[in-house]
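> Below are the structure tokens for one structure; questions will follow.
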């Protein structure tokens with residue numbers, strides 16, 4: 001049984017890697033530097049995430065429109081239903097694993113949510129200063 005680790009993306013915030021399982025399903029392993037933001041989108045599939053190291057602050061806009069905010073640390077998980085918008089801030093350098101359970105490589109559709117994406121772009125500009 002073989003796993004594949006493929007680089008997906010790298011920028012000033014950190015890097016992400018695709019872990020391809022033997023059945024061609026995938027998990028995404030994400031390294032994020034302290035102060036960087038991620039997400040600002042929703043998916044058409046359920047997603048479970050686990051903080052592997054570091055500490056993350058999350059914002060979620062639920063399907064019913066309610067917005068919530070919370071923090072997670074190592075070993076803690078969160079679940080996003082399809083259509084739930086989510087965004088995170090790394091409070092420390094850390095690793096996160098995202099898993100869209102049962103989703104084959106390339107099957108997931110991601111939809112950006114502009115109010116959250118604007119915050120992420122602004123945070124990226126702040127890190128350049």
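> Residue check: is residue 101 modelled with pLDDT under 95, within 22 Å of residue 18 (Cβ to Cβ) and either exposed (fewer than 13 other Cβ atoms within 10 Å of the Cβ) or within 12 Å of the chain's Cα centre (by Cα) (or both)?
yes
> Taking the stated definitions as given, is residue 83 assigned to a loop (DSSP other than H, G, I, E, B), farther than 30 Å from residue 2 by Cα and in contact with a strand residue (DSSP E or B) (Cβ under 7 Å, 6 or more places away or on another chain)?
yes
> Suppose we filter 106, 73, 83, 94 for residues that are touching a residue at least 60 places away in the same chain (Cβ under 8 Å) and within 28 Å of residue 21 (Cβ to Cβ); which single one remains?
Among 106, 73, 83, 94, only 94 is touching a residue at least 60 places away in the same chain (Cβ under 8 Å) and within 28 Å of residue 21 (Cβ to Cβ).
> Which members of the stretch 62-75 meet the condition of being surrounded by 14 or more Cβ atoms within 10 Å (Cβ to Cβ) and at pLDDT below 95?
62
> Continuing with the same structure: Which one of these does residue 50 not meet: (1) in a strand (DSSP E or B); (2) more than 26 Å from residue 125 (Cβ to Cβ); (3) touching a residue at least 60 places away in the same chain (Cβ under 8 Å)?
(3)
> Here's a follow-up. Select from the stretch 20-36 the residues that are at negative phi and assigned to a loop (DSSP other than H, G, I, E, B) and write down the one among them that is surrounded by the most Cβ atoms within 10 Å (Cβ to Cβ).
For the stretch 20-36, the residue satisfying everything is 36.
> Answer yes or no as to whether residue 39 is buried (at least 16 other Cβ atoms within 10 Å of the Cβ) and either in a helix (DSSP H, G or I) or touching a residue at least 12 places away in the same chain (Cβ under 8 Å) (or both). Please lay out each step first, then the result.
On the way: buried (at least 16 other Cβ atoms within 10 Å of the Cβ): yes; either in a helix (DSSP H, G or I) or touching a residue at least 12 places away in the same chain (Cβ under 8 Å) (or both): yes.
Yes.
The values are calculated or read from the model by the stated rules, or taken from the named source; none is laboratory data. Only a predicted model underlies this, so the values are computations on that prediction, with no experimental measurement involved. Glycine also receives a Cβ, built like all others from the backbone with ideal geometry; neighbour counts cover every protein chain displayed.
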